[in-house]
Structure formats: C-alpha cells, structure tokens
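Colleague: My questions will all concern the structure given below.
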Amino acid sequence: MNNETDIKLTHNLKNNIETEASLKKLVDRHSGIFLDIVNNYVPNNSPTCHKQDIIDDLEYYIYNAGLKYDQDRGAKFSTFLGNEA
C-alpha cells in the first residue's frame with residue numbers, strides 16, 4: 001500500500017477535508033489488517049471485551065487512528081493502525 005496516500009487521507013481527516021470520503025478510503029484500504037489483528041489477538045470468549053463489538057466499531061477505530069497518526073514518527077499508517085488495534 002502506498003503510504004503517501006494514507007498520509008493525505010489522514011491529513012484530510014485531521015483538517016475536515018472530504019472527511020467521509022477519506023475515511024471510506026482508509027477503511028477500504030486497511031479494514032483487512034484491522035480484522036486480522038482482532039481475530040488473531042482477541043479471544044472469542046474474552047471476559048474483558050467482545051470481539052464482535054470491536055469488529056462492529058471498525059470505522060471508529062480506523063478514524064481515531066487516522067486522527068492520531070503522526071507521519072513524522074517514521075511508521076507507516078498500517079503499522080500504526082496495527083499497534084492501535
């Protein structure tokens with residue numbers, strides 16, 4: 001994936017520029033990695049969190065990661081999202 005595109009999309013989120021379209025593109029680009037991480041690290045019967053609730057809020061988590069992402073720290077957005085997940 002092209003991190004330059006992710007940088008532009010996260011910039012748009014932070015500055016309220018085409019927010020819905022930018023979020024949709026981030027979700028389209030990164031929902032797979034988010035779901036992989038949730039499915040691999042959240043147990044099905046976890047007493048502390050419900051896997052399906054996390055999956056249902058996928059857009060929320062990607063949106064928040066987009067707002068927090070700092071390209072100057074050297075990580076790609078996908079890596080940052082994985083750490084946030």
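Colleague: Would you pick out the residues in the range 43-73 that are modelled with pLDDT of 90 or more and exposed (fewer than 15 other Cβ atoms within 10 Å of the Cβ)?
Modeller: If the condition is that a residue be modelled with pLDDT of 90 or more and exposed (fewer than 15 other Cβ atoms within 10 Å of the Cβ), then Gln52, Asp53, Asp56, Asp57, Glu59, Tyr60, Asn64, Leu67, Lys68, Asp70, Asp72, Arg73 are the ones that fit.
Colleague: When the range 37-53 is examined, which residues are found to be within 14 Å of Gly82 (Cβ to Cβ) and touching a helix residue (DSSP H, G or I) at 6+ places or on another chain (Cβ under 9 Å)?
Modeller: Ile37, Val38, Asn39, Val42
Colleague: Under 7 Å between Cβ atoms, at least 6 apart or on separate chains: pull out the pairs that start in the range 1-12 with a residue that is farther than 14 Å from Phe80 by Cα and end on any residue that is surrounded by fewer than 13 Cβ atoms within 10 Å (Cβ to Cβ).
Modeller: Sorted first by the residue in the range 1-12, then by its partner, the list stays empty.
Colleague: Return the only residue of Ile7, Ile37 being modelled with pLDDT under 95, surrounded by 13 or more Cβ atoms within 10 Å (Cβ to Cβ) and closer than 21 Å to Lys76 by Cα.
Modeller: Exactly one of Ile7, Ile37 is modelled with pLDDT under 95, surrounded by 13 or more Cβ atoms within 10 Å (Cβ to Cβ) and closer than 21 Å to Lys76 by Cα, namely Ile37.
Colleague: Determine the pairs where a residue that is over 20 Å from Leu35 (Cβ atoms), located within the range 67-81, has a partner that is part of a helix (DSSP H, G or I) and charged (D, E, K, R) with Cβ atoms under 7 Å apart, the partner being 6 or more residues away or on another chain.
Modeller: Once the first residue is over 20 Å from Leu35 (Cβ atoms) and sits in the range 67-81, its partners that are part of a helix (DSSP H, G or I) and charged (D, E, K, R) give Leu67/Lys14.
Colleague: Being open to solvent by less than 70 Å² (accessible area, probe 1.4 Å), farther than 23 Å from Glu20 by Cβ and not in a helix (DSSP H, G or I) is the filter here; which residues of the range 75-85 pass it?
Modeller: Ala75
Colleague: Something else: Pairs under 7 Å by beta carbon, first residue on the phi > 0 side of the Ramachandran plot in the range 37-62, partner in a helix (DSSP H, G or I) and charged (D, E, K, R), six or more apart or different chains?
Modeller: As it stands, the answer is none, since no pair meets every condition given.
The values are calculated or read from the model by the stated rules, or taken from the named source; none is laboratory data. Remember, it's a predicted structure, so these values are computed and weren't measured experimentally. Here the Cβ is made from the backbone with ideal geometry for all residues, glycine too, and neighbour counts use every protein chain on show. Accessible surface areas use protein heavy atoms only, side chains included; no ligands, DNA or RNA. Shrake-Rupley method; radii C 1.70, N 1.55, O 1.52, S 1.80 Å.
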